[in-house]
Amino acid sequence: MNRQPNRTRYLFIFLSLTLMTACMMSCRYLSIPAKDDAIVGKADRDAANETTVYNSAVIKGKVNGPNQGGNSTLVIAYRPGDKNHEYTEYAITNRNGDFMLYLPQGRYRLFAVTDYNHNGVYENSEASGLYGSGDTPEEISIREGELISGVVIQASKAGGAGIKLPLELHAEKQREIIRHLTFNGQVLKIYHEYFSPENAQTGYWNPSSFMKAFGAHIYLAEEYNPRKIPVLFVHGTEGTPLNWIYFCMRLDSSRYQPWFFYYPSGIRLSLAADLLHEELRELQNKYGFRKMVLVAHSVGGLTARSCLTRHTDDKQNHMIKLFVTFATPWSGFSAADASQVITHKSIPVWLDLGTQSAFIKKTMEDKLPRNVSHYIFYGKNDKLCGNKALDERAVSCAVKSFGSDCDHNSILSDRKVFSQFNKILEQELQ
């Protein structure tokens, strides 16, 4: 009997949110591409009882082979039986030969095409490798929200592969190919142009484009120093490492080294958490550090907590001694609940930010590892989070909570807040 009033209430919330979004972002809300429209993808999947059409999972791997470092390689994902007769997704390898394919749930065959003649065009005759043995492709099955890593494609030298691609590559369609610019562990200044607010907005509204250009990586503000403790900062919705500049500039540079996880904030939060875990695992294996700090703002706190609770047995999480969050909406948002009731354009992260979402429920029910000390900072003038930042499920497990006369964003540039944060570092990392 209460369904109609509830639907009316959700409609009011949704319309209010839509109008607010339209005012802030102009037509950006209406231009969410199909690859990032989770509601349309979910509807198509349910109707066909098959696979999703929106990008929701990641295959992470590497192309090995002669002279790969000096050549540009395109990795393409093909779904057998695709009625559109197109490749589903692509990624360009970075300078280390690594790639991240952000694609829908399904079964895929992966092919590599290397621009051996350096003419800027990936030609059918330049097919250099495939995932599988010999010239026989092996299928990879991936579920919604899943990360599959460690995939290796062995590429041959020019003209030596003898691989026939399942579909023709057309030169005229390659003009809009986005080339990957970064790699995990790269040293970049916090004010680098890659961390611009414009790129951060792209990561929220069009995560597929962001993934092609930047992936989801951890960046170092300086060359790794084994004598300094890494402090890994995680941004929130439409965020960027630039949000942390106040903290970064005031950290004791003799004791700490700032790191930043930069990812498209529009992706599923469980996927973001797994990507954070994977990139951190790589760096821990490379550098062998034994102690670090995890610091997060807003929705980044949910991502970071999920990373800790989903991988409690992994050794790099044992290195995380301190977890500090700022203005995190632990309970989610009612407006995101509305996005599940009324059909409309919806970026993937909205599926996880509802107060009743499976992600919120699991993330808040699962306990943090015993070796992690959690401190919560919240703004008394934070109209976005409100009392969501004081959800009992989070507060009850925290060492202490600190309130400040800040709003959702100014909490990251407040002198008293940083002073208290610095005291916690000294206390916990003696």
Exposure rank, largest accessible area first [His192, His85; 1.4 Å]: His85, His192
Residue by residue through the stretch 162-178, the couplings from Karplus 6.51 cos²θ - 1.76 cosθ + 1.60 with θ = phi - 60°, in Hz, x for Gly and Pro, are x, 9, 9, 6, x, 9, 6, 9, 9, 4, 5, 8, 8, 5, 9, 5, 8
Plugging the Kirkwood radius over Cα pairs into Stokes-Einstein for the chain, at a temperature of 25 °C and a viscosity of 0.890 mPa s, what D comes out in µm²/s? 108 µm²/s
Rounded to the nearest 10 Å², the accessible area of His297 at probe 1.4 Å: 10 Å²
Residues whose modelled amide H sits under 5 Å from the amide H of Leu322, counting only those 5 or more places away in sequence or on another chain, are Met292, Leu294, Ser373
Residue-by-residue Karplus 3J(HN,Hα) for the stretch 382-399, coefficients 6.51, -1.76, 1.60, Hz, glycine and proline x: 7, 7, 6, 7, x, 7, 5, 6, 10, 4, 4, 5, 8, 5, 5, 9, 8, 5
Tell me, what is the FRET efficiency for Thr136 and Glu86 to the nearest 0.05, using R0 = 25 angstrom and their Cβ-Cβ distance as r? 0.65
In whole percent, how big is the carbon plus sulfur part of the accessible area of the chain, probe 1.4 Å, protein atoms only? 48 percent
With the other protein chains left in place, how much accessible area per residue, in square angstrom, belongs to the chain at a 1.4 angstrom probe? 45 Å²
Once you have the Cα-Cα distance between Lys367 and Arg143, take 0.36 nm times their residue separation minus that, and quote the gain in nm to one decimal. 78.1 nm
Filtered trypsin sites (Lys or Arg not before Pro), the stretch 227-313: DSSP coil and at most 14 other beta carbons within 10 Å: Arg227, Arg255, Arg290, Lys291
Could you sort Glu282, Glu176, Glu193 by their accessible area in this structure, using a 1.4 Å probe and putting the largest first? Glu176, Glu193, Glu282
Per-residue accessible area for Cys248 at 1.4 Å probe radius, Å² rounded to 10? 20 Å²
Under 5 Å between amide hydrogens, which residues at least 5 positions from Ser149 or on another chain qualify, with H placed 1.01 Å from N in the peptide plane? Lys60
Spin-label model distance (nm) - Arg179 vs Asn422, 7 Å beyond Cα toward Cβ: 4.3 nm
Per-residue HN-Hα couplings for the stretch 122-137, Karplus 6.51 cos²θ - 1.76 cosθ + 1.60 at θ = phi - 60°, whole Hz, x for Gly and Pro? 8, 9, 4, 6, 9, 4, 10, x, 8, 7, x, 10, x, 10, 9, x
When the Kirkwood hydrodynamic radius is evaluated over all pairs of different C-alpha atoms of the stretch 360-430, what value in angstrom, to one decimal, is obtained? 13.2 Å
Gained length - Lys383 relative to Ser31, 0.36 nm times residue gap less alpha-carbon distance: 124.0 nm
Show the residues, 5+ positions off or on another chain, whose built amide H is closer than 5 Å to the amide H of Gly354. Phe333
Of all DSSP beta bridges having both residues in the chain, the percent classed as antiparallel (nearest 5) is 45 percent
Leaving ligands, DNA and RNA out of it, rank Ser346, Ser334 by accessible area with a 1.4 Å probe, largest first. Ser334, Ser346
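The values are calculated or read from the model by the stated rules, or taken from the named source; none is laboratory data. Only a predicted model underlies this, so the values are computations on that prediction, with no experimental measurement involved. Note that each Cβ is placed from the backbone with ideal geometry, even for glycine, and that neighbours are counted across all protein chains shown. Calculation scope for accessible area: heavy atoms of the full protein, side chains included, ligands and nucleic acids excluded. Shrake-Rupley method; radii C 1.70, N 1.55, O 1.52, S 1.80 Å.
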